[in-house]
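The values are calculated or read from the model by the stated rules, or taken from the named source; none is laboratory data. This one's a predicted model, so the numbers in the text were calculated from it and none came from an experiment. Backbone-built Cβ (ideal geometry, glycine too); neighbour counts: all protein chains shown. Calculation scope for accessible area: heavy atoms of the full protein, side chains included, ligands and nucleic acids excluded. Shrake-Rupley method; radii C 1.70, N 1.55, O 1.52, S 1.80 Å.
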Amino acid sequence: MSILIYAESAEGKFKKVAFELASYAKKVAESIGTTVTAVTINTNDVSELSKYGVDKVLKVTNEKLSGFSAKAYADVIKQAAQKESSKIILLSSTTDSIYLSPLVAVSLEAGFASNVVGLPTSNSPFQVRRNAFSNKAFNITEIETDIKVLGLAKNSYGIFENASTLTEEEFNPTIGENDFGIKVESVEKGSGKVSIADADIVVSGGRGLKGPENWAMIEELASVLGAATACSKPVSDLDWRPHSEHVGQTGKPVAANLYIAIGISGAIQHIAGINSSKVKLVINIDPEAPFFKVADYGVVGDAFDVVPRLIEKLKAF
Ligand code: FAD
């Protein structure tokens, strides 16, 4: 009765969330005296999972699964869970996993809790802590079903090394033609070098930057920091930046270690999407800007003065 995780990858390589999920699963497994199995889909080298405590990998390699298909992927995870007699199935909170988790839960007649933060607060009854109201509150949720599916909030637990001896097994689940009702045919990549979902640092610009011609300094700052670039909604609505960079309640969620907001007022809809970030640095000319209320560090100043100086200092570092 292993704990099962779905270790996500992109283009054959693990996403960072896979290691966070493995670290989390290992801790839960230790608390209930069991092991961790990961199911992977078209991942080239799975050995890295042994660093984070995974004991066994069910490795699925199948050309049919080269593009994401929620129903087919959910079927794979379900069959892996049945093979391992898993009672706890863990997924992340990426766009794919948010789609998959309820499908997996329904197919296994399992209870499902999304947005889980922290380790279970109790194993019997099984209770977890969850984010609620765009991270403004937490609740403790009890899952009463025998099988439990959890969606771990991104960047909420961390990545911890905990070496294990890994067994790899080729796994060939049955995939029906009906599993491909909806299939992603192509993926258009955003403009940034680093994806917002995987970034440790995100540099985000708002309408305070006046126009698209001023984004060179945002890109330069992001490049110096190895960060992803993002923007507020009006900026993408105005076509200053691509929609793939829009973050907030109606855009992409951000759970970075450092979120740098430049010329962004801090409207509630923006904050709702970036609030899970650990440290928030705000640069704004207006000392009354609402963003300062949630900032860990704030610089009251003109972005056109502050950002170039920040880049200069960082380059000299
Ligand atoms: P502004 O509100 O115009 O703020 C610009 C800021 O730049 C100001 O604080 C100003 O002081 C500062 N500034 C000006 N000049 C300088 C300078 N030289 N240097 C430094 N600072 C300067 N918004 C999102 O971002 N994401 C969402 O997902 C989202 N969803 C929404 C959903 C709904 C249903 C609704 C109604 C709104 C949503 N919005 C969202 C819009 C949101 O309410 C705000 O209008 C938006 O976030 C404001 O963007 P902004 O801060 O870039 O622009």
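Since only Ser232, Val54, Ser265 are under comparison, the one whose Cα sits farthest along the positive direction of the charge dipole of the chain, derived from C-beta charges on Lys, Arg, Asp and Glu, is Ser265. Legend: residue pairs Lys56/Lys78; Lys27/Lys154; Lys136/Lys280; Lys87/Lys136; Lys27/Lys148; Lys26/Lys154, Cα-Cα distance threshold 19 Å; pairs beyond threshold, Lys87/Lys136.
Principal-axis analysis of the Cα atoms of the chain puts helix 216-225 at an angle of about 50° to the longest axis. Which is farthest toward the positive dipole end of the stretch 12-171 among Thr165, Leu65, Thr121, measuring Cα position about the Cα centre, with Cβ charges +1 (Lys, Arg) and -1 (Asp, Glu)? Going by the Cα projections, it comes out as Thr121.
Residues of the stretch 224-239 with amide nitrogen under 19 Å from the 7 Å Cα-to-Cβ point of Glu213? It comes to 235-236, 238-239, nothing else.
Net charge of the neighbourhood of Ala105, taken over other residues with C-beta under 11 Å away and scored Lys/Arg +1, Asp/Glu -1, is +1.
Find out how many positive minus negative residues lie around Lys13, taking Lys and Arg as positive, Asp and Glu as negative, among other residues whose Cβ is under 13 Å from that of Lys13. Residues close to Lys13 contribute a combined charge of -3. Eigenvalues of the alpha-carbon gyration tensor of the stretch 36-131, scaled by 5 and square-rooted, set the equivalent ellipsoid semi-axes at 23, 17, 13 angstrom, largest first. Report, to the nearest 10°, how far helix 303-316 tilts away from the longest principal axis of the Cα atoms in the chain, using its own Cα long axis and a range of 0 to 90°. Taking Cα atoms only, the helix is inclined about 60 degrees.
Shown here are the Rg and Dmax of the Cα trace of the stretch 190-265, at 10.8, 28 Å. Taking Cα centre as origin and charging only the Cβ of basic (Lys, Arg, +1) and acidic (Asp, Glu, -1) residues, the dipole magnitude of the stretch 204-255 rounds to 200 debye.
Highest mobility in the GNM of the chain, judged by mean-square fluctuation with C-alpha springs under 10 Å and restricted to Lys210, Lys56, Lys278, is found for Lys210. Dipole size of the stretch 215-317 about its Cα centre, with +1 on Lys/Arg Cβ and -1 on Asp/Glu Cβ: approximately 360 debye, rounded to the nearest 20.
Note that the stretch 23-65, at 37 °C in a medium of 0.692 mPa s, gets a Stokes-Einstein diffusion coefficient of 294 µm²/s from its Kirkwood radius over C-alpha pairs. Placing +1 on the Cβ of every Lys and Arg and -1 on the Cβ of every Asp and Glu, with no other charges, gives the chain a dipole of roughly 580 debye about its Cα centre. Of the solvent-accessible surface of the chain, computed with a 1.4 Å probe and all protein chains present, 51% belongs to carbon and sulfur.
Look at the Cα gyration tensor of the stretch 200-317: its axes a ≥ b ≥ c give a/c under 1.5, and that counts as rounded.
Across all C-alpha atoms in the chain, the radius of gyration and Dmax reach 20.8, 60 Å. Counting only DSSP beta bridges whose two residues both lie in the chain, roughly 20 percent are antiparallel.
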